[in-house]
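Novice: Right, I'll just put the structure down here and ask away after.
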Amino acid sequence: MRILFVADGRSPIALNWIEHFAKGKYEVHLVSTFACQPDIKLASLHFVPVAFSATAGARTRAGRGLRSLLSTGLRTRLRSLAGPLTLGPATKQLQNLILEVKPDLVHAMRIPYEGMLAAGVQTDTPLMVSVWGNDFTLHARSNPLMAAATRKTLRRASALHTDTQRDQKIAGEGVFERSKPTLVLPGNGGVRTEIFFPAKTEAKELRVVNPRGLRAYVRNDIFFQAIPKVLGQLPQVRFNCPDMHGEREAQRWVQKLGIAQQVNLLPKMSAIALAEMYRAAQVMVSPSTHDGTPNSLLEAMACGVFPICGDLESIREWIRDGENGLLVDPRNPDGVAAAIVKALKDKDLRDGAAVINRQLIAERANYPKNMERVEAFYSELI
């Protein structure tokens, strides 16, 4: 089987999925929308920039200045307004690569902008499209251009993979043909339990982890505002925030609220380091307003960490409020703080949730079993 993936080659989610096929009996080609050098065996690697991805990670003074002036949300909105206009030239590049590689299957991993890019190519090759957490609920609804490009992608797709049942339902509401093949699995294929597993003994110190980084749909402002309220009742709690080191938005909130002694703004972490951080914590907080199935949620559940998440339809596919996690209004700092305090004080609640969550991961997020399903799905599609 010769597979051509169209993906963000920097993404751990995409690479976790692609790596399974690169290690197997398949010929794997990657067209990345961002410059990258992934540490996996590929038959070929190509860079096709779209939606200004060529400027990502620029270290120029002007680039850093622009990043400091514009919030994460504003940068995302500006990219969504102009991003669809950049698809034309990139589509021609991808068309030529597909003619060169002659894949049996093209798999675009995300609708904006990888799926949109692949949908513009004229070819008889089957196109599988993955939908990630907020492709429909946030990006497709951001402006008419994004909505039109999303509809075009769904019409062109030969098969659809989503990480929630909710997105299957949304896709089938008049755009994606219900007769076409579909698959529901975590976006990265599942959890590698040889990395993400529970601690042998629970940590004695109280620790809370927010693993989401700065994203337009995660209310980190509310999370930071909740921290002083938690400390008012549990002053010994420490808060760890991976992928926020050096981010001025986060630094401003920490300084404004006077919580620098209790909050660690940490750099992006490897999977092994993140798993160790989970095992040293009791609670994971994800105050998102849009989401599918966050991989950070599944990884925290696998490590026995108690999840507190925004109350969203997609999250309710995994979390039953008050049983194996707590669901909160991500716009309410009082509610977020109350949930953190409740979880930290109630060891029985955490222990019961850990048992349920380990079972859920074994049943629905087992990486080897899920990737066997993907292999069968690919073969059927071809």
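Novice: Once the Cα gyration tensor of the stretch 200-282 is diagonalised, what are the square roots of 5 times its eigenvalues, in whole Å and ordered largest first, as equivalent ellipsoid semi-axes? Write down the numbers at each step before the final one.
Specialist: On the way: eigenvalues 79, 60, 20 Å².
After diagonalising the Cα gyration tensor, the semi-axes are 20, 17, 10 Å.
Novice: Ok, one more. Return the sequence-ordered ³J(HN,Hα) values of the stretch 156-168 in whole Hz as given by the Karplus equation 6.51 cos²θ - 1.76 cosθ + 1.60 applied to θ = phi - 60°, using x for Gly and Pro.
Specialist: For the stretch 156-168, the Karplus-derived couplings read 6, 4, 7, 8, 10, 10, 10, 9, 9, 5, 4, 6, 4 Hz, x marking Gly and Pro.
Novice: Let me ask another. Rounded to whole Å and sorted largest first, list the principal axis extents of the Cα atoms in the stretch 207-364.
Specialist: Principal extents (Cα only, largest first): 42, 32, 28 Å.
Novice: Could you run the Karplus curve 6.51 cos²θ - 1.76 cosθ + 1.60 with θ = phi - 60° over the stretch 4-9 and give me ³J(HN,Hα) per residue in whole Hz, x for Gly and Pro?
Specialist: Once rounded to whole Hz, the list reads 10, 8, 10, 7, 7, x.
Novice: Give me the angle, in degrees from 0 to 90, between the Cα long axis of helix 367-381 and the longest principal axis of the Cα atoms of the chain, rounded to the nearest 10.
Specialist: Between the helix axis and the principal axis of the chain, the angle is about 20 degrees.
Novice: With runs of 4+ DSSP H residues as the only contributors, calculate the mean residue ellipticity of the chain at 222 nm using -39,500 (n - 2.57) per run, divided by the residue total and rounded to the nearest 500. Write down the numbers at each step before the final one.
Specialist: Details: 14 runs with 155 residues, N = 382.
Per the formula, -12500 deg cm²/dmol.
Novice: May I pose another question? Using only alpha carbon positions, build the gyration tensor of the stretch 126-211, then give the equivalent ellipsoid semi-axes as the square roots of 5 times its eigenvalues, largest first, whole angstrom.
Specialist: Numbers: eigenvalues 240, 56, 18 Å².
In descending order, the three semi-axes are 35, 17, 10 Å.
Novice: Of all DSSP beta bridges located in the stretch 207-364, what percent are antiparallel, nearest 5? Let's see the in-between values first.
Specialist: On the way: 1 of 17 bridges.
Once the DSSP bridges in the stretch 207-364 are tallied, antiparallel ones form about 5 percent.
Novice: In the structure shown, do any of LYS25/LYS92; LYS41/LYS102; LYS204/LYS229; LYS41/LYS152; LYS204/LYS342 have a Cα-Cα gap over 25 Å, and if so which?
Specialist: Working: LYS25/LYS92 30 Å; LYS41/LYS102 19 Å; LYS204/LYS229 21 Å; LYS41/LYS152 32 Å; LYS204/LYS342 17 Å.
Beyond 25 Å between Cα atoms: LYS25/LYS92; LYS41/LYS152.
Novice: Moving on. Which angle between 0 and 90 degrees, to the nearest 10, do you get for helix 333-345 versus the longest principal axis of the chain when only C-alpha atoms count?
Specialist: On a 0 to 90 degree scale, this one is about 70.
Novice: Let me ask something else about it. Let me know the charge dipole size of the chain about its Cα centre in debye, to the nearest 20, where only the beta-carbon of Lys, Arg (+1) and Asp, Glu (-1) is charged. Please report the intermediate quantities before stating the final value.
Specialist: Numbers: 49 positive and 37 negative charges, 209 e Å.
Around 1000 debye, computed over the chain.
Novice: Quick one: check the C-alpha center-to-center distance for the stretch 277-305 versus the stretch 3-62, whole angstrom.
Specialist: Taking the Cα centre of each part, the stretch 277-305 and the stretch 3-62 sit 25 Å apart.
Novice: When the Karplus curve 6.51 cos²θ - 1.76 cosθ + 1.60 is applied with θ = phi - 60°, which whole-Hz ³J(HN,Hα) does each residue of the stretch 315-321 get, with x for Gly and Pro?
Specialist: 5, 5, 6, 10, 10, 9, 4
Novice: Would you kindly state how much longer the chain becomes between GLN122 and SER179 on full extension, computed as 0.36 nm times their sequence separation minus their alpha carbon distance, in nm to one decimal? Could the numbers behind the result be given before it?
Specialist: Numbers: separation 57, 0.36 × 57 = 20.52 nm, distance 2.19 nm.
Contour length minus the Cα-Cα distance gives 18.3 nm.
Novice: At a 10 angstrom cut-off on C-beta neighbours, averaged per residue, how do the peptides 231-242, 97-108 rank from highest to lowest?
Specialist: On the way: 231-242: 16.7, 97-108: 19.2.
Answer by packing, highest mean first, reads 97-108, 231-242.
Novice: Can I get the semi-axes of the stretch 80-232's equivalent ellipsoid? Compute them from the C-alpha gyration tensor as square roots of 5 times the eigenvalues, in angstrom, largest first. Mind dumping the intermediate values first?
Specialist: Working: eigenvalues 255, 81, 49 Å².
Three semi-axes, in Å: 36, 20, 16.
Novice: Going toward the positive end of the dipole of the stretch 1-51, with +1 on Lys and Arg Cβ and -1 on Asp and Glu Cβ, which of PHE34, SER11, MET1 do you reach last?
Specialist: The residue sitting farthest along the positive end of the dipole is MET1.
Novice: Give me the Debye-computed log₁₀ of I(q)/I(0) at q = 0.06, 0.09, 0.11 Å⁻¹ for the chain, equal point scatterers on Cα only, no solvent, two decimals.
Specialist: Reported log10 I(q)/I(0), two decimals: -0.23, -0.52, -0.79.
None of the figures in this text is laboratory data; all of them are computed from the coordinates on show. Small disclaimer: the values here were computed from a predicted structure and weren't measured. Here the Cβ is made from the backbone with ideal geometry for all residues, glycine too, and neighbour counts use every protein chain on show.
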